[in-house]
Amino acid sequence: MDCSFLSMEGKVALVTGASRGIGKEIAKVFADAGADLAIASRKLEGLEAVAEEIKPSGKKVLCVPTHAKKMEDLENLVSKTMDTYGRIDVLVNNAATNPGMGLVVDTEESLYDQIIDTNLKGYFMLSKMVGKVMQKQKTGNIVNVSSAGGVSPAEGLGPYCISKAGINMLTKQMAMELGPFNIRVNAIAPRVVKTGFSKALWTNDKLMEQEFKFTPLKCVATPQEIAQAALFLVSSATNYMTGHVLVMNGGAFF
Ligand SMILES: NC(=O)c1ccc[n+]([C@@H]2O[C@H](COP(=O)([O-])OP(=O)(O)OC[C@H]3O[C@@H](n4cnc5c(N)ncnc54)[C@H](OP(=O)(O)O)[C@@H]3O)[C@@H](O)[C@H]2O)c1
C-alpha cells in the first residue's frame, strides 16, 4: 500500500513542550515523516539535545526557548519560526503543567492561575497567533494535546481537568472558525502516558491495578503511540476530520 499520505515532506511543524515526553516523540516522528521543525520549551539544553537526536533525519530544527505563560515568548516563537521558514503548516500545542493536586475547594488561586495560564491561555494565544499565519497561507493544521481529564473528572486534578476541557472547546471553536480557510483543528486526549509528567501514577502499582480493572487494554500509553496519532491527525488520512477530540485511553470505562 502506498502510505505517502503520511508524508510531511516540505512541511514546517512547530511543536511546544518538545524537550521531552510526548512533545519530543512528536518532533521525532514528524521529522521522520519529512517535516522541518521549530521546537519550543523553557530550557534550551533540552531542545538542543532533541535537535541532536533528530540530526540523522537530515531535517532542519530550530530551537526556541519559550515559556508558555509569557506572551512575548510566544510572539518571539512565531516570528523566529516565520523568519527561518516563512511558513507554519502544523502547530502542535503540547506544553502543559500540573504543579499541584487537591480538591477544588482547597485550591489556592495562585495554583489555579498557573495551571490555566500555562495550559489553556498558552494554547489559546499561540493558536491565535499561528491561526493568523495559517489564515494568510489558506492552509494549516493544529493539534492540541489535551487529556482524558478534559472529558471526565480525575481525582485531585480539578484545575488541570478544567484547563483541558477548555482546550477541547478551543479545538471545536477554532475548527469552526478556521475550517473555511482550509485549516483543521483537532485534539488528542490521552489518559496515562509513560512520561515524567505522570510518573507518580504509572509507578504506583496499586493505582495501576485499580486503573486496569476498568481499562480493557490493561496498560498505559507510550509517547510514541500518541506521536503516531498526531501524525495521523495532520496527515491527509484525516482531511475530512476537524473539531475532533481523539480520546486515547485504552478503552477505559469509568
Ligand atoms: N503523561 C501523561 O500521562 C499525560 C496524559 C494526558 C495528557 N498529557 C498531556 O501531554 C502533554 C505533554 O505531557 P508529557 O507527559 O510529555 O509531559 P513532560 O514529559 O513533563 O513534558 C512536558 C514538556 O512541556 C515543557 N513545559 C512544561 N512547562 C512549560 C511551560 N510553562 N512553558 C513551556 N514549556 C513547558 C517541558 O519542557 P521545559 O521543562 O524545558 O519547559 C517539556 O518539554 C501535556 O499537555 C499533558 O497535559 C499527558
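Across VAL105, VAL130, VAL192, mean-square fluctuation computed from a Gaussian network of the chain (C-alpha pairs under 10 Å connected) peaks at VAL105. For a paramagnetic label modelled on HIS244 (point 7 Å from Cα along Cα→Cβ), amide N atoms under 20 Å away belong, within segment 80-103, to 90-94. Taking label positions 7 Å along the Cα-Cβ direction at both GLU155 and CYS219, the computed distance is 2.5 nm, reported to one decimal. Using the average count of surrounding beta-carbon atoms within 10 Å as a protection proxy, the listed peptides 214-223, 92-101 rank, highest first, as 92-101, 214-223. Taking amide H as placed 1.01 Å from N in the peptide plane, the amide H of LEU157 sits under 5 Å from that of GLY102, each at least 5 places away or on another chain.
With helices as the sole contributors, the chain gives -13000 deg cm²/dmol at 222 nm; each DSSP H run of n ≥ 4 counts as -39500 (n - 2.57), and the sum is divided by every residue.
Computed over segment 8-248, the range of Cα coordinates on each principal axis works out to 48, 37, 36 Å, biggest value leading. Distance between the pseudo-spin-label points of ARG42 and LYS199 (7 Å out from Cα toward the beta carbon): 1.6 nm. Annotation: GLU75 carries an accessible surface of approximately 110 Å², with a 1.4 Å probe and no ligand, DNA or RNA atoms counted.
Full extension of the chain segment joining PHE212 with LYS70 gains 47.3 nm, where the gain is 0.36 nm per residue of separation less the Cα-Cα distance.
Projected onto their three principal axes, the Cα atoms of segment 157-250 cover extents of 48, 29, 23 Å, largest first.
Computed on protein heavy atoms with a 1.4 Å probe, the accessible areas place PHE212, PHE254, PHE30, PHE124 in the order PHE254, PHE124, PHE212, PHE30, largest first.
In order along segment 143-154, the Karplus-derived 3J(HN,Hα) couplings, from 6.51 cos²θ - 1.76 cosθ + 1.60 at θ = phi - 60°, round to 10, 9, 7, 9, 6, 4, x, x, 10, 9, x, 10 Hz, and Gly and Pro are given as x. Cα convex hull, segment 99-152: 92 Å³ per residue, rounded to a whole number. What fraction of the Cα pairs in segment 74-170, stated in percent, has a spacing above 24 angstrom? That tail contains 30 percent of the Cα-Cα pairs. Take every pair of alpha-carbon atoms less than 8 Å apart whose residues are at least six positions apart; their mean separation over the length of segment 8-248 yields a relative contact order of 19 percent.
Here's how it looks for VAL92: its modeled amide H is under 5 Å from those of LEU14, VAL15, THR16, VAL143, which are all 5 or more places away or on a different chain. Amide H to amide H, with H built 1.01 Å from N, LYS60 comes under 5 Å of LEU37, counting only residues 5 or more places away or on other chains.
The values are calculated or read from the model by the stated rules, or taken from the named source; none is laboratory data. All values reported here derive from a predicted model rather than from experimental measurement. Every residue, glycine among them, receives a Cβ derived from its backbone with ideal geometry; neighbour counts consider all protein chains shown. Each accessible area value is taken on the protein alone, full model and side chains, heavy atoms only, with ligands, DNA and RNA left out. Shrake-Rupley method; radii C 1.70, N 1.55, O 1.52, S 1.80 Å.
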